[in-house]
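What follows is a set of notes on a single structure, which appears directly below.
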Amino acid sequence: QVQLVESGGGLVQAGGSLRLSCAADGRTLSSYAMAWFRQAPGKEREFVAVISRSGASTYYADSVKGRFTISRDNAKNTVYLQINSLKSEDTAVYYCAASSGLLPSLRRDFDYWGQGTQVTVSS
């Protein structure tokens, strides 16, 4: 069992930056590909970014390419999401998730989920 805990969310002005963190208890995160998803009010949870177990490969949703960066520190059992140039449409609850797959991007491919952290962008 893997327990994931997100942190780093908050209220930020448009154009600002945030770094989200996802820490794991239990099994080591290096056994899993890790991803971030987000869910805006009234919308489906959507894929944001994924990183391979070693960190060598990443994949992003088109909507966040060039602004978001996913990274991981397996020694610290933590995954990060750096968010720059925030827009109002980035307002959502951000979730991290763990998968035994290689570089998945579908919700059904993820085995473990955190509780989420709220990001609110004011214009």
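The values are calculated or read from the model by the stated rules, or taken from the named source; none is laboratory data. Values in this document were obtained by computation on a predicted structure and should not be read as measured data. Using ideal geometry, Cβ is built from the backbone for each residue, glycine included, and neighbour counts are taken over all protein chains shown. Each accessible area value is taken on the protein alone, full model and side chains, heavy atoms only, with ligands, DNA and RNA left out. Shrake-Rupley method; radii C 1.70, N 1.55, O 1.52, S 1.80 Å.
Stick to Cα atoms and the Kirkwood definition of Rh, then tell me Rg/Rh for the range 7-63. Intermediate results must be reported in sequence, preceding the final value.
Numbers: Rg = 13.4 Å, Rh = 13.4 Å.
That ratio is 1.00, to two decimals.
Averaged per residue, what accessible surface does the chain expose to a 1.4 Å probe, in Å²?
50 Å²
Normalised by the residues of the range 16-65, what does the relative contact order come to in percent, with Cα pairs under 8 Å and at least six apart?
After rounding, I find 26 percent.
For the range 11-24, just list the computed ³J(HN,Hα) in residue order, Karplus coefficients 6.51, -1.76 and 1.60, θ = phi - 60°, integers in Hz, with x standing in for Gly and Pro.
Once θ is set to phi - 60°, the couplings for the range 11-24 become 9, 9, 6, 4, x, x, 9, 8, 10, 8, 10, 9, 9, 10 Hz.
Pairs of Cα atoms under 8 Å, at least six residues apart: use those to get the relative contact order of the chain, whole percent.
It comes to 36 percent, rounded to a whole number.
Keeping all protein chains in the complex and leaving out DNA, RNA and ligands, what accessible area do you get for S54 with a 1.4 Å probe, in Å² to the nearest 10?
90 Å²
Of the accessible area of the range 41-100, with the probe set at 1.4 angstrom, what percent is carbon plus sulfur?
44 percent
For the chain, how big is Rg over Rh, using alpha carbon atoms and the Kirkwood form of Rh?
0.94
Choose one answer from S85, S21, S99: the residue with the largest mean-square fluctuation in a GNM of the chain with alpha-carbon springs under 10 Å.
S85
State the Kirkwood hydrodynamic radius of the range 73-123 in Å, one decimal place, computed from all pairs of distinct Cα atoms. All intermediate terms of the calculation are to be shown ahead of the outcome.
Working: mean 1/r = 0.0773 Å⁻¹.
About 12.9 Å for the range 73-123.
Looking at the chain as a GNM with Cα springs under 10 Å, which of A14, A56, A98 has the largest mean-square fluctuation?
With Cα springs under 10 Å in the chain, the top fluctuation among A14, A56, A98 is at A56.
Considering only DSSP states other than H, G, I, E and B, which trypsin sites (Lys or Arg not before Pro) in the range 21-123 qualify as loop sites with at most 14 other Cβ atoms within 10 Å?
R27, K43, K65, K76, K87
Please identify the chymotrypsin sites (Phe, Trp or Tyr not before Pro) of the range 23-54 that satisfy two criteria: DSSP loop assignment and at most 14 other Cβ atoms within 10 Å. Which are they?
The qualifying sites: there are none.
What nm distance separates the two modelled labels at K76 and S57, each placed 7 Å from Cα along Cα→Cβ?
Going by the 7 Å Cα→Cβ label model, 2.6 nm.
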